[in-house]
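Please treat every number below as a calculation from the coordinates, not as lab data. Predicted model only: the values in this text are computed from it and were never measured. Using ideal geometry, Cβ is built from the backbone for each residue, glycine included, and neighbour counts are taken over all protein chains shown.
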Amino acid sequence: MRRRPARVQRRRRAAAVAGVVAGLVAAGMSALPRPGIPRPDWETGSTEQGPVADGAVATRYVGSPLHRVLMGEGYRDVWAAPIRAPVLNLAWFQPLKAGGGRQTRSLELRGADGREYRFRSLDKDQAKALSPLPRLVMGRIRQDQVSALHPGASLVAAGLQDAAGVMNASARLVAMPAPASLGQFGADYAGLPGTIQEYPRAGFRGVDRVVSTDSLWAELRRRPGDRVNVEAYLRARLMDVYMGDWDRHEGQLRWARMARGGAASWIVIPRDRDYAFSDYGGVIPGLARRVDPKIVRFDTAYRDLQGLLVKSRKLDLRLLCSVPQATWDSTAADLTVLLGDDAIAGAVFRMPQEWVRRSAALEGTLRARRDRLPAVARRFRQHLHAGGGCAK
């Protein structure tokens, strides 16, 4: 296919930017949420199973009909749905320190079992990483796009990965307790709904060592007989694509060493599934997609496959170029069997019933994407090898 002249590309980009700017002006007439993570006003109570909290995670994303046309439907009704969550038991968990996430409010904890855990808020501060002026100008727009994320993403993703045989740390829904129980962390975390999950370290799933991606390369140099299990990495990456999770970078991966005799293989452990099932609809995100392909839609046809492959391309080139087509085909075929209708339904029903009812299309989209996964795996491999990427 012949490349378009650079001038045409520049004009198209300029037109897209102009469209985005015009749309932003129009969207400014709607009520957009302020940046940050406000503490929700939840009611607490008790059940036979223990203390619980009731409320909606974020009603601020509901939006008017015009707002939804311009900025996208996303999962606004799910964010606003009232749910019940168990209150985290701080007799069992000891808060250690605040996490360093750019958008998520996270807290590191130690369990009574001696293992490390992470609490992650469901709501996000999408403008946190912006400097003051861009935050002032774009902060509300960025914040509103949290509505394109599904608050139950990590719960459903854990169920799907369990079914697919991808090592992961399953998340469960909780609400943080009252300020007095949290001490120095009360002001920032009290009452927040979020998820709690184990942070993979040595001993996780019985492995003897768990490291970051940066440390993995040093481990491989130190142990020449060790190898990365590229088949497991391919399986995890196909699941990334299947779940529409575009935000997969090296910092969101841990690696577990599985010893087999003298040598060992390193198995990937994907983390932080906040962006699974991201669905950026609406006029303005549609225009912005021409500039940034990562503004993806979660549909049955994988229309935005390219955007799902951007952030992991460097690691994909390093690990997947040597994997033969037959392995891609067999892995995709295996996933279509493992991700049966019952497995998909079971993963979706890990969410509160109120979210399930307001996510009616999710289960059907997951079934359709599963059926198309073998063809999409071939498109993924073709994209990886395009332009001589694997020849470098």
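Points worth noting:
- Amide H to amide H, with H built 1.01 Å from N, Asp304 comes under 5 Å of Arg297, counting only residues 5 or more places away or on other chains.
- For the pair Met138 and Thr300 in one chain, pulling the backbone fully straight at 0.36 nm per residue adds 55.2 nm over the alpha carbon distance.
- Relative counts (whole %) of C-alpha pair distances in the stretch 189-280, using bins that are 5 Å wide: 3, 12, 20, 22, 18, 12, 7, 4, 2, 1
- Across every pair of non-identical alpha carbons in the stretch 94-250, the mean reciprocal distance, once inverted, gives a Kirkwood radius of 18.0 Å.
- In this structure the amide hydrogen of Arg209, modeled in the peptide plane, comes within under 5 Å of the amide hydrogens of Gly203, Arg257, none closer than 5 places in sequence on its chain.
- For a label point 7 Å along the Cα-to-beta-carbon line of Asp54, residues of the stretch 315-352 with backbone N under 18 Å: 352
- Rounded D (µm²/s) - the chain, Kirkwood Rh over Cα pairs, Stokes-Einstein at 20 °C, 1.002 mPa s: 96 µm²/s
- Calculated from backbone phi, Karplus (6.51, -1.76, 1.60) coupling profile of the stretch 108-114 in Hz, x at Gly/Pro: 8, 9, 10, x, 5, 7, x
- Hydrodynamic estimate: the Kirkwood radius of the stretch 110-174 over Cα pairs, inserted into Stokes-Einstein at 4 °C and 1.567 mPa s, corresponds to D of 90 µm²/s.
- DSSP bridge pairs, the chain: antiparallel proportion in percent, nearest 5: 95 percent
- Ordering Phe349, Phe204, Phe380 by the number of other Cβ atoms within 10 Å of each residue's own Cβ, fewest first, gives Phe349, Phe204, Phe380.
- Exposure proxy for Leu308, Leu90, Leu320: other Cβ atoms within 10 Å of each Cβ, ordered fewest to most, give Leu90, Leu320, Leu308.
- CD proxy at 222 nm, helix term only [per DSSP H run n ≥ 4: -39500 (n - 2.57); per residue of the chain; nearest 500]: -12000 deg cm²/dmol
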